[in-house]
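**Student:** Handing you a structure now.
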Amino acid sequence: MLDDYQDLIDELLGTPSLVRTLFVNTEGGPSEQTVIAVSALHERDKTVLGRLQRLTRESSPPWFKVLPSVDEAIAAAPVPADRDAFLNEFDPARGDIVSLLMNLSLKDWERGATDDVEGEITLAEEVEHHVEFEEAIRARI
């Protein structure tokens, strides 16, 4: 079980270097579609971090609204005016999620919430859904 959680963390650790490589090594910079897709992932990171913090801090299970699909998230993502500043925000936001996850006990991974789609959901499932969202974004970029 612990290996499954470590695999989720490892998935989340790989994306910042991919994003940085795209932003730095792509001639002329990444396309606007790529920047918007990464922006959607960054927005999702911030939302998921808040949800994970609530899961670990609240004594009763929180209620979560359904998160937007990949297409909805991309359509709503802000277009960063300053790509360098945006890139410098991406790593720390992801680092906050990873740091929180690395400090969880096994019991914390099983903490529950209620959401509009699945009903009962554990912290581990919330992270797994975020990794799946990220994989869909990575496939687009």
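Just so it is clear, none of the values below were taken in a lab; they were calculated from the coordinates. Keep in mind the model is a prediction, meaning the values are calculated, not measured. Positions of Cβ are backbone-derived with ideal geometry, glycine not excepted, and every protein chain shown enters the neighbour counts.
**Student:** Tell me, which residue of the stretch 101-129 that is of a type in the set (Gly, Ala, Ser) and either surrounded by 13 or more Cβ atoms within 10 Å (Cβ to Cβ) or touching a residue at least 60 places away in the same chain (Cβ under 8 Å) (or both) is farthest from Asp3 (Cα to Cα)?
**Tutor:** Applying the filter and picking the extreme gives Ala113.
**Student:** I'd like the full set of residues that are more than 21 Å from Glu89 (Cβ to Cβ) and either among the aliphatic types (A, V, I, L, M) or crowded, with 19+ Cβ neighbours inside 10 Å (or both), limited to the stretch 65-74.
**Tutor:** Val66
**Student:** Tell me yes or no: at least one residue of the stretch 23-41 is under 14 Å from Leu123 (Cβ atoms), under 12 Å from the mean Cα position of the chain (by Cα) and part of a helix (DSSP H, G or I).
**Tutor:** no
**Student:** Considering the stretch 62-87 alone, what residues qualify as being assigned to a loop (DSSP other than H, G, I, E, B), touching a helix residue (DSSP H, G or I) at 6+ places or on another chain (Cβ under 8 Å) and in contact (Cβ under 8 Å) with a residue 40 or more places away in the chain? Walk me through it before giving the result.
**Tutor:** To start, the set of residues in the stretch 62-87 that are assigned to a loop (DSSP other than H, G, I, E, B) comprises 62, 65-69, 77-82.
In the following step, the residues that additionally are touching a helix residue (DSSP H, G or I) at 6+ places or on another chain (Cβ under 8 Å) were identified as 62, 67-68, 77-80.
Within the stretch 62-87, Pro62, Leu67, Ala77, Val79, Pro80 qualify.
**Student:** Go through the stretch 11-61 and give me each residue that's of a type in the set (Val, Ile, Thr) and surrounded by 19 or more Cβ atoms within 10 Å (Cβ to Cβ).
**Tutor:** The answer is Thr15, Val19, Val35, Ile36, Val38, Val48.
**Student:** Give Ala85, Ala77 a once-over and let me know the one that is surrounded by fewer than 16 Cβ atoms within 10 Å (Cβ to Cβ), closer than 27 Å to Arg140 by Cα and not acidic (Asp, Glu).
**Tutor:** None of the other options fit; the residue is Ala85.
**Student:** Sticking with this one: Inside the stretch 88-124, can you point out the residues that are touching a Gly at 6+ places or on another chain (Cβ under 9 Å) and assigned to a helix (DSSP H, G or I)? Before you say what the answer is, go through the steps one by one.
**Tutor:** Step one: of the stretch 88-124, the residues touching a Gly at 6+ places or on another chain (Cβ under 9 Å) are 120-123.
Within the stretch 88-124, Leu123 is the sole residue that qualifies.
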